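A.B. asks: The structure under discussion is supplied below as structure tokens; questions concerning it will follow.
Nothing in this text is a laboratory measurement; each read-out follows from the coordinates by a stated rule. What you see is a predicted model; the values in this text were computed from it and never measured. Note that we place each Cβ from the backbone using ideal geometry, even for glycine, and neighbour counts take in every protein chain shown.
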Amino acid sequence: MARYDYRCLECDRLFEIQQPMTEAPQLVAACPNCQRIVPVQRQISLPGLQFRGPGWPGQDLKRGPRK
């Protein structure tokens, strides 16, 4: 199951909905702010993958000939 960001078209609030990746985007959903079923639009969001710390590329890329 993937989590997708949706924006309420009534109050402009952003919230998440968990649904299968094979399912089509929802057109209406229950907004946690409006407390009712409203039209929504799926938003493009950044992936949750981050590379942190020094040297992570150096661990995978070996320098010099292999012995």
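A.B. asks: Report ³J(HN,Hα) in whole Hz for each residue of region 25-41, in order, from the Karplus equation J = 6.51 cos²θ - 1.76 cosθ + 1.60 where θ = phi - 60°; Gly and Pro get x.
C.D. replies: 3J(HN,Hα) across region 25-41, in whole Hz: x, 6, 9, 9, 7, 7, 7, x, 8, 6, 6, 7, 7, 9, x, 10, 9.
A.B. asks: Let me ask you something else. Test of the criteria: in region 1-42, which GluC sites (Glu not before Pro) are in a DSSP loop and have at most 11 other Cβ atoms within 10 angstrom of their Cβ?
C.D. replies: Passing both the DSSP loop test and the Cβ count: 23.
A.B. asks: If the chain between residue 5 and residue 46 were fully stretched, how many nm would it gain, using 0.36 nm times the residue separation less the Cα-Cα distance?
C.D. replies: Between residue 5 and residue 46, full extension yields 13.8 nm more.
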